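The values are calculated or read from the model by the stated rules, or taken from the named source; none is laboratory data. This is a predicted model, so every value here is computed, not measured. Glycine gets a Cβ as well: all are built from the backbone with ideal geometry, and neighbour counts include every protein chain shown. With ligands, DNA and RNA removed, areas are computed over all heavy atoms of the protein, side chains included. Shrake-Rupley method; radii C 1.70, N 1.55, O 1.52, S 1.80 Å.
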Amino acid sequence: MGRLIARRLLQLILVVVVIQTVLFFILRLSGDPVSLLAPADASPEFVEDLRERMGFNDPLYVQYLRFVQHTAVLDFGESFLTHRPAIEMVFDRLPATVELAGGALVLIILVAIPLGVFAAMGHGKSYGHFLTLIVVIGQAMPSFWLGILLIMVFSVDLRLLPSFGRGDLSHLILPSVTLAAWFMAKTTRVVRAEMLEVLRQDYIRAAHAKGIPYHLVVSKHAFRNVLITLTTVLGLDVGQLLGGAITTEIVFAWSGMGRQVVTAALARDYNVVQASVFVIAIIVVAVNLGTDILYHYLDPRIRAQ
Amino acid sequence: MTQTGSSDHTALQPLLQVKDLRTHFFTRDGVVQAVDGVDLTIQHNEIIGLVGESGCGKSVTALSIMRLLDHPGRIVSGEVTFDGTSILDLSEREMVDLRGSRISMIFQQPQSSLNPIFSVGEQIAEMFQIHQGMHKAAALDKAISLLCEVGIPDASTRAKSYPHQMSGGQAQRVMIAIALALNPELLIADEPTTALDVTVQAQILDLIRDLSRRINTAVLLITHELGVIAEMADRVAVMYAGRILETAHTKDLFAKSSHPYTQGLINSIPVLGKVEKRLNVIPGSVPNLVELPDGCRFAPRCQARREYDLEICNEQEPDLVLIGNGHKVRCWLHQSSEGRQVPLATDGGNES
Amino acid sequence: MRKQLEMTSNTADDLSKEVSWIRMVASEFVRSKVNVVALGLFIISVLTALFAPTVAPHDPLSQDLMKRLLPPAWIGEGTGEHILGTDTVGRDVLSRVVFGARISMGIGLTSATIAGIFGVLMGLISGFFGRGISDLIMRITDAQLSFPFIIVAITIAAVVGSGLWKLIIILTLWGWAPFARVARSSVLSLKEREFILASRALGAHELRIMFFHILPNILSAVVVIWTFTLAQMILAESTLSFLGFGIQPPTPSWGEMLTTGRQYISSAWWLSIFPGVSIMLTVLAVNLLGDGLRDALDPNLRV
């Protein structure tokens, strides 16, 4: 198992390297940001001097090596806008995003798993069809639009919940529902499909033949098998959840790293973008690795290898 | 252990009686009449073989008895009486109690019939936990001794193994341990050796026979191999296209098989040492179970019908009639003398 | 009917075999009413996009500050002239929604198709050639499947600027990975099958093998993935436009309309509702279409 995890870790690090490298070259694609940094009325000499000082005159590969070197010690340079270290700005915003994504993840687990099992049980029945309808609608709604709708109903009309900002739990409800909705629909679908698939297996028929009560066949024999697949699916979703947080944070003026990365990208504040991407990549890698370990723990077929 | 077998009225009452069982599958393309009027009697402690080509309804018969049919299958009519109680009238809860404890079942694919994420010990122990409310530790102990009994060496270590770590033969031994854990009165073995290596097939059959004899369990052995039947069964029922065509004591069946289909099956067994130009197979294939022929279901493939040029075979279905000591057959050749359409006996009556 | 099919497949050439196969899939597909409704919605979306200038009652760009923020026709000051109301500068919402279909469908269809071609090509390359290239391509798809591509997308958009074709390229990069995976695994499994080995033994060129043997085998999967990718592209385009990285105003796109609508949540709900409903219905139709196609083509496809 140790060897397998080491191999997986190596693969995941490779993923981070690929992302960072691709991003580096994309960001340098359009030349350098010096023209943006210098005052509009700066003399060409001043701009050239600035370029030289910031190392943008070096060959691209030198810049890349320097970038790799700095990345290794978490140095992504300063924000061109705020002149604070980029990584610090990202870390400042990280808790808000983690809170949002965490809230969404809890919702996904608490709502989608029972709903998926329920939908599988209702296969071919009218409530099963109804749940399927909810799921396909949920998967077709852009989350930012759902956010707008929720604000319209719960903040503007009913005045029940706050529509922006971070604070107590009531602030978290609408944003996390917004972020979770698409994933809840998807997870429900996955659980349903997987459950139906497992229920078709020989060992389920055999479990019935053993005289195990129906609810135990479903909750123990079938569900634990579903859970194994689900772990992998949810692990992969965490990354996408962080991506989805971007629009959610904008709709709800949630001061997380997603909103920051959009502001930074629009302002071509590349260091902040690069630092954000790095942090997200590390989170994704860590979660994937955790999922792998959990998967090994849950599935004896792999554990034994 | 509770041996509920009611040996007192063994003579009076069969253990299981299936009467005119019809199980149909309501598919998009029509109603598949998988089991269509099956009669079957199983006595206490006997091993009865149910034989037929694949797709003839053997497994569906077994699943109907267990009431484990999947959608869109449904028992349409008939009676299944187990030890005096009508199984089809039981509530699902009562049926759950019955399964595993009084009637149990093993399947063709032992490895996929075991849940991949539980150890085999846990899966055996579950029987005691669920049916007898035993605690896990005690149940695991019993599981280990059962593993010994079914011939798995080093049982206490092997109990911790997972299904994927076992060979097919070992997995089937585990399935047998599960099925016989609570000394059921009836074991349904659905093609228990078909998926196994030839070398372990005999061992598994021996195990089933020995254990069932020891704990007085009757066995309904479903197979498509007459060789297995010859070795194991006291009595045989031959099934074709959802119906029983012939039933007899095993030695009678091999000595004086009466239905052309049975004869065909017996002739198609390759005999060791006898070199034949080609394998004797019955020409044609099992009819489409959605649109069954009007007359005898075997008529389209029947050599005898062609030889005797019997019209009636295509028009009307014969009844299952008694022709000897516990020997019944469903064929016009035995039902009418001199081509008359009047059956010799209208009803098979009770065997004895 | 069945007899007829057998006859054709036995006697006639490949073409009629194909025709009868398509006929079978089609009859399987229309068996479900949901599929038919989805197909209907999809066709309506495509037609709306194609004939936007005819369908739209007004020029989507023409402003009329005297008539700004008119509600839909059935409410208060609403007029029949602007059935779905007007926006902040008095442009007709219905016309903008109709022209928005052009952007959504146009960009969606184009980028899903290019992503399909590019992805399948990458998959074929990765399946056929050495481990190095193969591994690199697969690591990239790994990264894409776990990493939120939207961040890469907005970064690229910020760097290269926005524009129709730039947006399409970004979306292509967003959607190619699943195609590559399917193509690659199909190549790997088919590679060792007899008929491929046989044609190689007969001296067939690698490229010939690719196109004549492998492509037909992955067609079903590719069609289904293409449909789901289309839905994803429509959502992605609206997201990028909503964030300000996609289609730039004043060109009407559903995402961009929602950016404005968001600022008028409490006063002009119609600015948000109609473009949102349009996105939802289109994506819904395409997703259902994908489900239906998958079930009709091959229920065992797990895509």
**Q.** Residue ID - nearest to the chain's Cα centre (by Cα), chosen from residues in segment A:187-221 that are facing another protein chain (nearest Cβ under 9 Å), surrounded by 23 or more Cβ atoms within 10 Å (Cβ to Cβ) and of a type in the set (A, V, I, L, M, F, W, C)
**A.** A:Ala207
Q: Please find, within segment C:28-41, the residue that is modelled with the lowest pLDDT out of those that are open to solvent by less than 30 Å² (accessible area, probe 1.4 Å) and among the hydrophobic types (A, V, I, L, M, F, W, C).
A: C:Phe29
Q: Could you please give the count of residues in segment A:105-131 that are within 9 Å of another protein chain (Cβ to nearest Cβ) and touching a helix residue (DSSP H, G or I) at 6+ places or on another chain (Cβ under 8 Å)?
A: 1
Q: Please tell me if A:Leu146 is more than 14 Å from chain C (Cβ to nearest Cβ), open to solvent by less than 50 Å² (accessible area, probe 1.4 Å), touching a residue at least 12 places away in the same chain (Cβ under 8 Å) and in a helix (DSSP H, G or I).
A: no
Q.
Based on this model, can you work out whether C:Ile247 counts as assigned to a loop (DSSP other than H, G, I, E, B), within 18 Å of the chain's Cα centre (by Cα) and more than 12 Å from every other protein chain (Cβ to nearest Cβ)?
A. yes
(Q) With in contact with a helix residue (DSSP H, G or I) (Cβ under 8 Å, 6 or more places away or on another chain) and at pLDDT 90 or above as the only criterion, which of A:Val285, A:Val262 stands out? (A) A:Val262
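Rundown of residues vs (1) within 19 Å of the chain's Cα centre (by Cα); (2) at pLDDT 95 or above, yes/no style:
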{"position": "B:Ala179", "(1), (2)": "yes, yes"}
{"position": "B:Leu186", "(1), (2)": "yes, yes"}
{"position": "B:Glu191", "(1), (2)": "yes, no"}
{"position": "B:Leu196", "(1), (2)": "yes, no"}
{"position": "B:Thr199", "(1), (2)": "no, no"}
{"position": "B:Asp206", "(1), (2)": "yes, no"}
{"position": "B:Arg213", "(1), (2)": "yes, no"}
Q: Answer yes or no as to whether B:Ile208 is assigned to a helix (DSSP H, G or I), open to solvent by less than 10 Å² (accessible area, probe 1.4 Å) and closer than 18 Å to B:Gln170 by Cα.
A: yes
(Q) Against the condition closer than 21 Å to A:Leu146 by Cβ, touching a Leu at 6+ places or on another chain (Cβ under 8 Å), modelled with pLDDT of 90 or more and within 12 Å of chain C (Cβ to nearest Cβ), how does A:Gly256 come out, does it pass? (A) no
Q | Subset of segment C:70-106 [in contact (Cβ under 8 Å) with a residue 60 or more places away in the chain and surrounded by fewer than 17 Cβ atoms within 10 Å (Cβ to Cβ)] | A | C:Thr88
Q | Residue tally, condition surrounded by 16 or more Cβ atoms within 10 Å (Cβ to Cβ), charged (D, E, K, R) and in a strand (DSSP E or B), over segment B:64-109 | A | 1
**Q.** Unmet criterion (only one of (1) in contact with a Pro (Cβ under 8 Å, 6 or more places away or on another chain); (2) open to solvent by 80 Å² or more (accessible area, probe 1.4 Å); (3) at pLDDT below 80) for B:Glu276
**A.** (2)
Q) Mind checking which residues of segment C:264-281 are open to solvent by 40 Å² or more (accessible area, probe 1.4 Å), more than 8 Å from chain A (Cβ to nearest Cβ) and closer than 15 Å to C:Arg68 by Cα? A) C:Tyr264, C:Ser267
(Q) Please list, ordered by residue number, the helices (runs of 4 or more DSSP H) wholly in segment A:50-140 having 1 or more residues that are among the aromatic types (Phe, Trp, Tyr) and within 23 Å of A:Phe24 (Cβ to Cβ). (A) A:60-72, A:86-107
**Q.** Given (1) within 14 Å of chain A (Cβ to nearest Cβ); (2) of a type outside the set (Phe, Trp, Tyr); (3) open to solvent by 20 Å² or more (accessible area, probe 1.4 Å); (4) within 30 Å of A:Leu234 (Cβ to Cβ), index of the condition C:Gly132 fails
**A.** (4)
